[in-house]
Amino acid sequence: DEKEKFEPTVFRDTIVQGLNEAGNDLEAIAKFLDAAGSRLDYRRYADTLFDILVAGSMLAPGGTRIDDNDKTKMTNHCVFFADEDHDAIRNYAQVSKS
């Protein structure tokens, strides 16, 4: 049995690129995440996926982002950048559940 390499940064780059290409359309983001789920191992990278959907990039222990302000490693399509109202946050929660 060969062990798969654990590469959360490659996973992050793939997810962030897809989210950024989807634009501001939450339906397109949900479709991307649904389609990517068949190719990417969401269980293996669950922590990384959660970090991206909530904070926009991977987080280090202590909560600092690990993107070095590189825009290709972060997305604004996350809870932290959502409008501060109940409906906007609920819409992001609906995307994460799909």
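Of note:
- Residue list for the stretch 12-40, filter: over 16 Å from ALA93 (Cβ atoms), free of Cβ contacts under 8 Å to residues at least 12 places away in the same chain and acidic (Asp, Glu): GLU21, ASP25
- Selection from the stretch 47-77 of residues that are among the β-branched types (Val, Ile, Thr) and assigned to a helix (DSSP H, G or I): THR48, ILE52, VAL54, THR72
- One residue stands out in the stretch 47-92 among those that are of a type in the set (Gly, Ala, Ser) and either closer than 19 Å to PRO8 by Cβ or touching a residue at least 24 places away in the same chain (Cβ under 8 Å) (or both): the one that is surrounded by the most Cβ atoms within 10 Å (Cβ to Cβ), namely SER57.
- Restricting attention to the stretch 28-41, the residues that are among the charged types (D, E, K, R), exposed (fewer than 12 other Cβ atoms within 10 Å of the Cβ) and in a helix (DSSP H, G or I) total 1.
- Failed item, numbered, when ARG44 is tested on (1) more than 12 Å from PHE11 (Cβ to Cβ); (2) part of a loop (DSSP other than H, G, I, E, B); (3) of a type outside the set (A, V, I, L, M): (1)
Only the coordinates and a few stated rules stand behind these numbers; no lab work does. Just so you know, these numbers come straight off a predicted model, no measurement behind them. All Cβ positions, even for glycine, are placed from backbone atoms using ideal geometry, and neighbour counts span all protein chains on display.
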